[in-house]
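Enquirer: Quick one: the structure is below, and I'll ask about it shortly.
The values are calculated or read from the model by the stated rules, or taken from the named source; none is laboratory data. Quick caveat: nothing in here was measured; it's all calculated off a predicted structure. Quick reminder, even Gly has a Cβ in these numbers, built from the backbone with ideal geometry, and neighbours come from all protein chains shown. SASA here: full protein model, heavy atoms, side chains in, ligands and nucleic acids out. Shrake-Rupley method; radii C 1.70, N 1.55, O 1.52, S 1.80 Å.
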Amino acid sequence: MLVTEEACAAAVPGATMPQEPRQTDFQLVRVRSTWCRIKKGEALSSDEDEITLSEAKIGECISEGGISWIIEAPIYFCYKVVETYNILDPSNTTLLWGHITDPQQIELAMASKRKLRRFIVIDEVVDKLYGSKVREYFEENNVQHKILALPTTEETKSMDLVLNILHEVQNFSLDRRTEPIIAIGGGVCLDIVGLAASLYRRRTPYIRVPTTLLSYVDASVGAKNGVNFLQCKNKLGGYTPPAASFLDRSFIQSIPRRHISNGLGEILKMALMKHKGLFDLLKSHGKYLLDTKFQSCNSFAHHGDAALQTTRIAIETMLEELAPNLWEDDLDRLVDFGHLISPELEMRVLPSLMHGEAVNVDMAFMTYVAHARGLLRAEEKEQILQCMRGLELPVWHSGCSWALIQRALRERLKHSGGQPRMPLPTGLGVADIFNDTSEETLERAYKLWVKDCKMGLEEELQAQVDGPAPGLSCLPQ
């Protein structure tokens, strides 16, 4: 019984309550179909069958002020990140059963006579490239399906698009337990669909199929979803991981070279923060990865399988940082490198900078900050900048003014517990988080950053006059 005799006595005139608060801890036990509480440490009856002990706990405190309860209810999530090949080949059943973790459940699902049903949201550009294959896949596997093609860009990343999806989901009448929503597209598509799935009947399983390099190594790996709101990036969202993310590098061959470079910005982030080997891979094989669009080419044996090594290390290092802190309870996060200034910058200059490009501009500035603090040697700073240019990433943007940086860092303080929690490289592939960078240091770094990059821009513009270059590392807008 949840309400104790002491609590009842408190409601009776003249009754007395204990002078000192009394704390009692309870465990939750289900006997057959009913949950009840028992005092922590109390023995369970051996006569009862079908007993389930929960990890949840209830703490009860009775004091002169009344009664209060503290509930501890651990939330468990299990999701899969799976590398696969030819995912749209009808003989590849990954999209049908790959999200199920229990082998017995897979057997039951495959043996069921019930017709399979799937609701698919696909980016409209991806639909033009792969839509016929997606339709053929589900038709060949006799799956009743609905495909919703939408324009998923930063400009359309809004609650309106989420509600559009939810209307269509409701009309399709999917089973929230056994019919996961499938998202096929870049990071914006995966974010929007993830938010819609998390809202529909409070949580409907969904599957991510990334089609860009950026979403392959970033959006598909973690739990976050969201949309832009009031011209602020990802202001609305939550933490609901997918049932599974299925990664097929063959999609990446269809995207433009600039989009490959855009994804390399996020990979470089992990290299600078925690993996010198990944940094060396990007330095040595960056042009090759851009030229081959991350497709394995046997004719380039001296590269090994640089594409496979690069994506796997990027994903593994990202998972190491995200998995212990999926809900961001700890605000000290190395993966925030490149994300202090870039949200403000990206939204301010849309659509001139892509997400990974804005992240790289942020990282380039913070590299100068690290150098100004004495954390990086001059030659290390130059190696980082050269690597960025080799990956055809912008290292500066005229929209990233000193006023914008100040505004972005003030915004950072609002949602980081009053501390900047600034990840900075302390070498190549090593980093730490700092809360004591002075404004004088930031301004000194900014002036040197602008001076160097303007000079670099002038040199590249002159090189363009002399002969075509593959791409500029600074993008004036």
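Enquirer: For the range 80-254, what does the relative contact order come out to in percent, with C-alpha contacts under 8 Å and a separation of six or more? Write down the numbers at each step before the final one.
Expert: On the way: 307 pairs, mean separation 46.3, N = 175.
For the range 80-254, the relative contact order is 26 percent.
Enquirer: Lysines near Lys274 by alpha-carbon distance under 21 Å, same-chain residues fewer than 8 away left out - which ones?
Expert: Within reach: Lys283, Lys381.
Enquirer: Search the structure for amide H atoms under 5 Å from the amide H of Leu236, placed 1.01 Å from N in the peptide plane, and list their residues when 5 or more places away or on another chain.
Expert: It is Val227, Phe229, by chain and number.
Enquirer: Which GluC sites (Glu not before Pro) in the range 35-143 pass both tests, a DSSP loop state and at most 16 other beta-carbon atoms within 10 Å? Don't skip to the answer; put the middle values down first.
Expert: On the way: sites: Glu42, Glu48, Glu50, Glu55, Glu60, Glu64, Glu72, Glu83, Glu107, Glu124, Glu136, Glu139, Glu140; in loops: Glu42, Glu48, Glu50, Glu64.
Answer in residue order: Glu42, Glu48, Glu50, Glu64.
Enquirer: Over all distinct Cα pairs, what is the inverse of the mean 1/r for the range 80-254, reported as the Kirkwood hydrodynamic radius in Å?
Expert: Details: mean 1/r = 0.0623 Å⁻¹.
It is 16.1 Å.
Enquirer: Charges only on Cβ, +1 for Lys and Arg, -1 for Asp and Glu: so what's the dipole of the range 34-169 about the Cα centre, in debye to the nearest 20?
Expert: Values: 15 positive and 23 negative charges, 85 e Å.
For this selection, approximately 400 debye.
Enquirer: Whenever you get a sec, compute what percent of the accessible area on the chain sits on carbon and sulfur atoms (1.4 Å probe). Don't skip to the end; give the middle numbers.
Expert: On the way: 11970 of 23280 Å².
Answer for the chain: carbon and sulfur cover 51 percent of the accessible area.
Enquirer: Considering the dipole of the range 80-254 built from charges on the beta carbon (Lys and Arg +1, Asp and Glu -1) around the Cα centre, which of Ile106, Ile87, Phe246 is farthest to its positive end?
Expert: About the Cα centre, the residue reaching furthest to the positive side is Ile106.
Enquirer: When N counts the residues of the chain, how does its alpha-carbon radius of gyration compare numerically with 2.2 N^0.38 Å, as a ratio? Present the calculation step by step, with values, prior to reporting the outcome.
Expert: On the way: Rg = 26.5 Å, N = 477, 2.2 N^0.38 = 22.9 Å.
Output field value: 1.16.
Enquirer: Given charges of +1 on the Cβ of Lys and Arg and -1 on the Cβ of Asp and Glu, with all other atoms neutral, how large is the dipole of the chain about its Cα centre, in debye to the nearest 20?
Expert: On the way: 52 positive and 63 negative charges, 173 e Å.
Rounded to the nearest 20 debye, it is 840 debye.
Enquirer: OK, next. Accessible area, 1.4 Å probe, largest first: how do Val193, Val125 sort? Please report the intermediate quantities before stating the final value.
Expert: Details: Val193 0, Val125 85 Å².
The residues order as Val125, Val193, largest area first.
Enquirer: Continuing with this model, one more query. Can you work out the Karplus-derived ³J(HN,Hα) for every residue in the range 79-91? Use 6.51 cos²θ - 1.76 cosθ + 1.60 with θ = phi - 60°, whole Hz, and x for glycine or proline.
Expert: Running phi through 6.51 cos²θ - 1.76 cosθ + 1.60 with θ = phi - 60° gives 9, 10, 10, 10, 7, 9, 10, 6, 5, 8, 6, x, 7 Hz.
Enquirer: Another question, if that's okay. Which helices count as membrane-span-like in the chain under these terms: full DSSP H, at least 15 Å along the axis by C-alpha, Kyte-Doolittle mean of 1.6 or more?
Expert: Numbers: long enough: 124-140 (23 Å, -0.85); 159-172 (20 Å, 0.59); 187-199 (18 Å, 1.95); 257-274 (26 Å, -0.14); 276-292 (23 Å, -0.22); 306-322 (24 Å, 0.42); 355-372 (26 Å, 0.39); 378-390 (18 Å, -0.91); 402-414 (19 Å, -0.45); 439-466 (40 Å, -0.82).
TM-like helix candidates: 187-199.
Enquirer: Moving on. On full extension of the chain, what length is gained from Arg312 through Ser132, given 0.36 nm per residue of separation minus the C-alpha to C-alpha distance? Could the numbers behind the result be given before it?
Expert: Numbers: separation 180, 0.36 × 180 = 64.80 nm, distance 2.94 nm.
Between Arg312 and Ser132, full extension yields an extra 61.9 nm.
Enquirer: I'd like to know which of Thr52, Tyr200, Gly417 lies farthest towards the positive end of the charge dipole of the chain, counting +1 on Cβ of Lys and Arg and -1 on Cβ of Asp and Glu.
Expert: Of the listed residues, the answer is Tyr200.
Enquirer: Name the trypsin sites (Lys or Arg not before Pro) in the range 125-178 that are in a loop by DSSP and that have at most 11 other C-beta atoms within 10 Å, would you? Walk me through the numbers on the way to the answer.
Expert: On the way: sites: Lys128, Lys133, Arg135, Lys146, Lys157, Arg176, Arg177; in loops: Lys157, Arg176, Arg177.
Taking the range 125-178 and a limit of 11 other Cβ atoms within 10 Å, the loop trypsin sites (Lys or Arg not before Pro) found are Arg177.
Enquirer: Before rounding to the nearest 500, sum -39500 (n - 2.57) across all DSSP H runs of length at least 4 in the chain and divide by the residue total; then give [θ] at 222 nm in deg cm²/dmol.
Expert: Working: 14 runs with 195 residues, N = 477.
Helix-only estimate at 222 nm: -13000 deg cm²/dmol.
Enquirer: Place a +1 charge on the Cβ of each Lys and Arg in the range 80-254 and a -1 charge on the Cβ of each Asp and Glu, then give the dipole magnitude about the Cα centre in debye, rounded to the nearest 20.
Expert: Values: 21 positive and 19 negative charges, 124 e Å.
Rounded to the nearest 20 debye, it is 600 debye.
Enquirer: Suppose each label sits 7 Å from its Cα in the direction of the beta carbon; what would the Glu42-Glu168 distance come out to in nanometres?
Expert: The answer from the label model is 5.3 nm.
Enquirer: Below 22 Å, Cα to Cα, which lysines can Lys113 reach? Residues fewer than 8 away in the same chain don't count.
Expert: Lys146
Enquirer: Next up: Using DSSP to define loop residues, name the trypsin sites (Lys or Arg not before Pro) in the range 335-419 whose beta-carbon has at most 14 other beta-carbon atoms within 10 Å.
Expert: Loop-located and lightly packed - Arg377.
Enquirer: Working out 0.36 nm times the residue gap between Glu440 and Ala56, then minus their Cα-Cα distance, what length gain in nm do you get to one decimal? Intermediate results must be reported in sequence, preceding the final value.
Expert: On the way: separation 384, 0.36 × 384 = 138.24 nm, distance 4.94 nm.
Computed gain between Glu440 and Ala56 is 133.3 nm.
Enquirer: So, one more: Tally Lys/Arg at +1 and Asp/Glu at -1 over every other residue whose Cβ is under 12 Å from the Cβ of Asp25; what's the total? Before the final figure, lay out each step's value.
Expert: Values: positive: Arg22, Arg37, Lys39, Lys40, Lys57; negative: Glu42, Glu60, Glu72.
Neighbourhood net charge equals +2.
Enquirer: Using a 1.4 angstrom probe on the protein heavy atoms only, line up His259, His397 by accessible area, largest first.
Expert: Working: His259 65, His397 0 Å².
Most to least solvent-accessible, the answer reads His259, His397.
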